[in-house]
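FYI, it's all coordinate maths here, none of it is from the lab. Keep in mind it's a predicted model, so treat the numbers as computed, not measured. Virtual Cβ from ideal backbone geometry, glycine too; neighbours counted across all protein chains shown.
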Amino acid sequence: MTVRHLALALCLIATGALAHDNVQNPSVQARMQMMKDIKAATGVLGNMAKQPASYSQADAEAAAAKLADLAGRIPAAFEDAATDPQSESSPAIWDNWNDFTAKAAALQSAAQDMDAGSAEGVAAGMLAIGGACGACHQPYRL
């Protein structure tokens, strides 16, 4: 995956924050907030991957740990099949629960496996993270 592909993956993640203003269901609000937090952690890492001069080992380690923690919480956040007209979650999530949770686990593993000890390690790790995000967003996000 090239930096161009990485940028595309980050854009896919970033678009999740656009239509959340009128969500009424608290479960959906909580899931959306979690996805915003995932976006923020991924953004820190993605920026370092795109701009190695911005690399900070402490910030990379913190963002990777935060991302791994949040990814591990995805299944619990989606156990409640609550919906909302503003939700971007596809009903396919609950129809394909095992696949969905496996994709969340893949994101968690990618974050845990990231070598945050160098800008190059972050860039390489972002390839796996971007792939994990895209693999889930394509089938499970409206």
Rounded to the nearest 0.05, FRET efficiency between S118 and A40 (Cβ-Cβ, R0 25 Å) equals 0.70
Cross-link partners among lysines for K50, C-alpha distance below 23 Å, same-chain residues fewer than 8 apart left out? K36, K39, K66
Would you work out the relative contact order for the chain, in percent, from Cα pairs under 8 angstrom that are 6 or more residues apart? 32 percent
R141's amide H: which non-local residues (gap 5+, or another chain) put their own amide H closer than 5 Å, with H modeled 1.01 Å from N in plane and none for Pro or chain starts? S90
